[in-house]
1. Answer yes or no: is there a residue in the range 146-153 that is assigned to a helix (DSSP H, G or I) and either modelled with pLDDT of 95 or more or in contact with a strand residue (DSSP E or B) (Cβ under 8 Å, 6 or more places away or on another chain) (or both).
2. Restricting the search to the range 1-19, which residues are of a type outside the set (Val, Ile, Thr) and modelled with pLDDT of 65 or more?
3. Conditions first: (1) more than 21 Å from His47 (Cβ to Cβ); (2) loosely packed, with under 14 Cβ neighbours inside 10 Å; (3) of a type outside the set (Asp, Glu). Ser170 passes all but one, so which condition is the exception?
4. Being farther than 24 Å from Leu80 by Cα, part of a strand (DSSP E or B) and out of contact with any Leu (no Cβ under 9 Å at 6 or more places or on another chain) narrows it down to one residue among Lys178, Lys166, Lys183; which is it?
5. Taking the condition of being among the β-branched types (Val, Ile, Thr) and either within 18 Å of Leu50 (Cα to Cα) or touching a residue at least 60 places away in the same chain (Cβ under 8 Å) (or both), how many residues in the range 74-122 meet it?
6. If we keep just the residues of the range 129-151 that are among the acidic types (Asp, Glu) and exposed (fewer than 13 other Cβ atoms within 10 Å of the Cβ), which is nearest to Glu49 (Cα to Cα)?
7. Six or more apart or on different chains, Cβ atoms under 9 Å: show the pairs whose first residue is in the range 54-73 and without any contact (Cβ under 8 Å) to a residue 40 or more places away in the chain and whose second is in a loop (DSSP other than H, G, I, E, B) and hydroxyl-bearing (Ser, Thr, Tyr).
Amino acid sequence: MLNNLKEYNRKIRQDLLIEYQGLNFYTTWGLFSPRTIDDGSRLLLDHLELEPTDDCLDLGCGYGVLGLCMARSAPQGHTLMVDKDFVAVDYAERNCRHNKIENASCLLSNGFKQIPAQQFDVIVSNIPAKVGKEMLYIYLFDALDYLKPGGAFYIVTITGLRLFFKRGFSEVFGNYEKIKQGKTYTVARGIKQ
């Protein structure tokens, strides 16, 4: 019995590999959605508008799905991927190297705290639902500061937070656009005027 448990433990500790849109992502237990690309990220990527020269930021990058897809879609720009979890940043860096994406980099940062003073054309985030309204407002204000004029902050969140973000974007950005609402997730954006 003990040998079977040890073998099971060894197997579940191995890295997982996910293929999505021609990219391969190594991931592991303890990171968000380790078995498959989550439905919210898929919905956001399906409705994200990028130019080839866009400089992008993936806020809360996890193992790098949004950031690496953006880097590939904006090959003449640069994509910065940040997360407060050092394991996530380690896997995002690994996935960047594995997929040979040279126009992306990773940084350990709690929100925008460690991001150098620069501005982006596009910021995306798969917003965590349980960080509290204060933190969600901090994300909105910081995103506005880090966007170039005309830049967009795209979010995907559980649909239950849709009205909160409609109000928050309207207050902070002066505008709000619901791009796609599903049963579980909503994709929205604000544009810096």
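The values are calculated or read from the model by the stated rules, or taken from the named source; none is laboratory data. None of these values were measured; they are calculated from a predicted model. Neighbour counts run over all protein chains shown; Cβ positions are idealised from the backbone, glycine included.
1. Looking through the range 146-153, at least one residue is assigned to a helix (DSSP H, G or I) and either modelled with pLDDT of 95 or more or in contact with a strand residue (DSSP E or B) (Cβ under 8 Å, 6 or more places away or on another chain) (or both).
2. Residues satisfying the conditions are Asp15, Leu16, Leu17, Glu19.
3. Against the list (1) more than 21 Å from His47 (Cβ to Cβ); (2) loosely packed, with under 14 Cβ neighbours inside 10 Å; (3) of a type outside the set (Asp, Glu), Ser170 comes up short only on (1).
4. Lys178
5. Qualifying residue count, the range 74-122: 3.
6. Here the residue is Asp145.
7. Listed by first residue and then by second, the contacts come to Tyr63/Thr28; Tyr63/Ser33.
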